[in-house]
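Data block below; observations after.
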Amino acid sequence: MALEKAAVQEVLDTIRPRLQADGGDINLVDVKDDGTVLVELQGACKGCPMSQFTLATQVECVLKEALPEVTGVVPA
């Protein structure tokens, strides 16, 4: 079953408040056929030295738990 962009957006919307609390945000750019999710970190998260940690521990883990079809999350 193909990964639905709307489903990914729904899960990202649950993560968004955590990022916004630190002055950042996240934008869904694309969902690839192989399950890769491309995102753009915004605000304080953009260019932050901890952004890769944020993607791996917060965004990717939450997405994979909610949507097992997600194979990874990468910055756009």
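The values are calculated or read from the model by the stated rules, or taken from the named source; none is laboratory data. Predicted model, so just to flag it, every value in this text is computed and none were measured. Note that each Cβ is placed from the backbone with ideal geometry, even for glycine, and that neighbours are counted across all protein chains shown. Heads up: the accessible areas ignore ligands, DNA and RNA and are worked out on the full protein's heavy atoms, side chains in. Shrake-Rupley method; radii C 1.70, N 1.55, O 1.52, S 1.80 Å.
Listed values, structure above:
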read-out	value
Exclusive hit being loosely packed, with under 12 Cβ neighbours inside 10 Å, at pLDDT 95 or above and among the aliphatic types (A, V, I, L, M), set 76, 6	6
Neighbours by Cβ (under 7 Å, 6+ apart or cross-chain): first from the range 1-24, assigned to a helix (DSSP H, G or I); second open to solvent by less than 30 Å² (accessible area, probe 1.4 Å) and modelled with pLDDT under 95	12/26; 15/26; 15/59; 16/26; 19/26; 19/45
Residues being of a type in the set (Gly, Ala, Ser) and closer than 17 Å to residue 68 by Cβ - total across the range 1-42	4
Candidates 40, 69 - the one that is open to solvent by 20 Å² or more (accessible area, probe 1.4 Å) and in contact (Cβ under 8 Å) with a residue 60 or more places away in the chain	69
Within the range 10-24, considering residues that are touching a strand residue (DSSP E or B) at 6+ places or on another chain (Cβ under 7 Å) and more than 15 Å from residue 74 (Cα to Cα), the one surrounded by the fewest Cβ atoms within 10 Å (Cβ to Cβ)	23
Selection status of residue 48, part of a loop (DSSP other than H, G, I, E, B) and either open to solvent by 20 Å² or more (accessible area, probe 1.4 Å) or not aliphatic (A, V, I, L, M) (or both)	yes
Residue that is surrounded by the fewest Cβ atoms within 10 Å (Cβ to Cβ), among those in the range 51-66 that are closer than 15 Å to residue 7 by Cβ and touching a residue at least 40 places away in the same chain (Cβ under 8 Å)	66
